[in-house]
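To start, the structure itself, in structure tokens.
The values are calculated or read from the model by the stated rules, or taken from the named source; none is laboratory data. As the structure is a computational prediction, the values presented were derived from the model and not from experiment. Cβ atoms come from the backbone with ideal geometry, glycine included; neighbour counts cover every protein chain shown. Only protein heavy atoms, including side chains, enter the accessible area calculation; ligands, DNA and RNA are left aside. Shrake-Rupley method; radii C 1.70, N 1.55, O 1.52, S 1.80 Å.
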Amino acid sequence: MPRAAARRPRFTGRAAVLVLVLAVLTVSYASSLRAYLQQRSHIGDLKSQIAEREASIDALEREKKRWEDPAYVKAQARARFGYLMPGESGFEVIGADGKPLEAQASLNDPDEVIKEVPKAWWTAAWESMELAGNPPPPAEEPVDLVDGTRSGAVEGTEQ
């Protein structure tokens, strides 16, 4: 029995303290890592917002430079307010209800326009030749009356 008493337990107090310290370090590093990743994500979002706003500022500065050009101002006055140059005469299109129609400010999307591709002349000629060679069967029986008269027999009598 002296040998059984000499055997030590495998899990000692020191090992328990070491496991406890490692668990505390893991939790503290995990929370710090989570905060770091959230901050990086927030910084990325802020950088994209800054880039969008800088692009908007550039567009507004270009628009401001356009308004400094007198030709652009004249074109905008003509388009927006219907102003005319001296010697020009203007007109308004009036609808069926008697009110002026508004000018269409933008063009239609080309994808929305129904497009019919015209056939080449030779395809129509070839289809005509195919139809002449292979006529379709008649949908109905031929009519007995042609130009108001009965074909082949007189009314009321049979031949």
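Of all residues assigned to the stretch 70-79, at least one qualifies as being modelled with pLDDT of 85 or more, of a type outside the set (A, V, I, L, M), surrounded by fewer than 10 Cβ atoms within 10 Å (Cβ to Cβ) and at negative phi. In this structure, does Glu88 turn out to be of a type in the set (Asp, Glu), open to solvent by 70 Å² or more (accessible area, probe 1.4 Å) and not in a helix (DSSP H, G or I)? Taking the combined requirement at face value, the residue satisfies it. Within the stretch 94-109, which residues are open to solvent by 100 Å² or more (accessible area, probe 1.4 Å) and modelled with pLDDT under 65? Passing the criteria: Gln104, Ala105, Leu107.
Taking the criterion of being within 30 Å of the chain's Cα centre (by Cα) and open to solvent by less than 100 Å² (accessible area, probe 1.4 Å), the residues of the stretch 110-140 that qualify are Pro110, Val113. Just one residue in the set Arg14, Arg34, Arg7, Arg66 is closer than 30 Å to Glu92 by Cα, out of contact with any strand residue (DSSP E or B) (no Cβ under 8 Å at 6 or more places or on another chain) and modelled with pLDDT under 95; that residue is Arg66.
Suppose the filter is among the hydroxyl-bearing types (Ser, Thr, Tyr) and at pLDDT 75 or above; does Ser151 pass it? I'd like the intermediate steps shown before the answer.
Numbers: among the hydroxyl-bearing types (Ser, Thr, Tyr): yes; at pLDDT 75 or above: no.
It is false that Ser151 is among the hydroxyl-bearing types (Ser, Thr, Tyr) and at pLDDT 75 or above.
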